[in-house]
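Please treat every number below as a calculation from the coordinates, not as lab data. Just so you know, these numbers come straight off a predicted model, no measurement behind them. Glycine also receives a Cβ, built like all others from the backbone with ideal geometry; neighbour counts cover every protein chain displayed.
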Amino acid sequence: MKLICSLAVLLLSAAFMSPTLAQDRRVPTSPSDIKLSYAPIVQRVQPAVVNVYAAKIVQNHNPFLDDPIFRRFFGLPGGQQEQMQRSLGSGVMVDPSGLVVTNVHVIEGADQVKVSLSDKREFEAEIMLKDSRSDLAVLRLKDSHEKFPTLELANSDELMVGDVVIAIGNPFGVGQTVTHGIISALARTQVGITDYQFFIQTDAAINPGNSGGALVDMTGRLVGINTAIYSRSGGSQGIGFAIPANMVRVVVASAKSGGKAVKPEIAESLGLKTPSGALVASIVPNSPAARAGLKSSDLITAIDGQAIEDANAFDYRFATHPLGGTSQIDVQRGGKAVRLTVPLETAPDTGRNEIVLSSRSPFQGAKVANISPAVADELHLDVDTEGVVVTEIADGGTAASVGFQKGDIIVSVNSQKILKTGDLEKATRDASRLWRITLVRGGQQINVTLGG
């Protein structure tokens, strides 16, 4: 969820890590130690790790089927043909009532989701929450009237490089599989998997199908949700990434409370290089940050005692804070240390007016919305952006076929300026042989002309 401070945060180089809480750790000291088994941990954890099956109906249109003579000659049905696409991933039971955490990319666009337990029972599941920015989704099992085994969430901030971990999931659909390794690195930020660039890296073998599965420590607690691998071949090459448990904890709490996932406002880095920290480039008037006294050019060095090395650390630290409370922010201002208390609030979503365009036009099948602060946050737009933005594209629609994309900002249609969704809806009702459209994509203005 989002702190409405609308900070434009600069990516700064950092060269230090904050001290980690000490824990009891030891290396094997005798042959008998090496013969020890992970089996007791696995037996305790496995029942809480599930398989997630997602199915999506796709309409395939064959132009030959529009010809009645062709259909009659070959005995084929007319119109569009439906095809079922299926995907497979893993998940983790995090609440005994039947809440499962998995990756958004496992269930994205699914018309039907099923969860298979370790005892082979299957349940249909509903999607309670999807947060594409963290790539986490929360499912609830339908028609379940029992208490399910769960995994306790660890404090992922206490992990250390070298800690032994176990990965459990369903790689390649072969069935539940266990691999082990160590934490290879922490706070990986140049991965490009989700917006919250703050990953646990492990050498435990992770393969396709492991997505959404569990990464657990030697006490059987969940330290992360496996989300991706680094591979040129499609198989594990010893570099896997997991979303930290502290991020999972906040998203699950948000799903239980019926809210949206945590979405802090982070603008693009401006490239300024200093030893560490996140530099505030601008403040939105009357925002919580402004009310707290945060100012442009403040250098944020810590949030609630956690050091901030760069913009990714800033993003992650705020993302793992629940709404409704406050955060203590340490800043450097004019060479002096200043501590500020900033309230954590959601982004206002008034005036979104989201609609699906159905009129015959290049926009048919596109869902569009006015750019409210919440929409700007979800789609990574500048908070000052105004107008109408594409929030979703239906498969098989005209908008998809002509190449519109989620995040496109519609500026004008046939010389009519588009300021709100009603303007665009009105413009699409008028039949036209030519459509002259101006849009903004990735900060670049594009002019296109399409046939009617």
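Could you calculate the contour length gain from GLN405 to GLU386, that is, 0.36 nm times the residue separation minus the distance between their Cα atoms, to one decimal place in nm? Computed gain between GLN405 and GLU386 is 5.1 nm. Per-residue extension of 0.36 nm, minus the Cα-Cα distance of LEU450 and ALA253, leaves a gain of 66.3 nm for this segment.
Label-to-label distance for SER32 and GLN112 is 5.5 nm, based on points extended 7 Å past Cα in the beta-carbon direction. The stretch between SER359 and GLN46, if pulled fully straight at 0.36 nm per residue, gains 107.6 nm over its current Cα-Cα span. Expressed in Å, the radius of gyration and Dmax of the Cα atoms of region 349-409 are 11.4, 33. Extending 7 Å from the Cα toward the beta-carbon at both ALA431 and THR350 defines two label points whose distance is 4.2 nm. Neighbours of VAL223, meaning other residues whose beta-carbon lies under 10 angstrom from its beta-carbon, give a summed charge of -2 when Lys and Arg score +1 and Asp and Glu score -1. The label-point distance for ASP95 and HIS145, in a model that sets each label 7 Å from Cα toward Cβ, rounds to 2.0 nm. For trypsin sites (Lys or Arg not before Pro), the sites in region 86-120 that DSSP calls loop and that have at most 15 other Cβ atoms within 10 Å are LYS120.
Here the Kirkwood formula, the inverse mean of 1/r across different C-alpha pairs, assigns region 327-452 a hydrodynamic radius of 16.0 Å.
Along region 404-418 the Karplus relation, 6.51 cos²θ - 1.76 cosθ + 1.60 evaluated at θ = phi - 60°, assigns HN-Hα couplings of 5, 10, 4, x, 5, 9, 8, 9, 8, 9, 6, 6, 8, 6, 9 Hz to successive residues, with x for each Gly and Pro.
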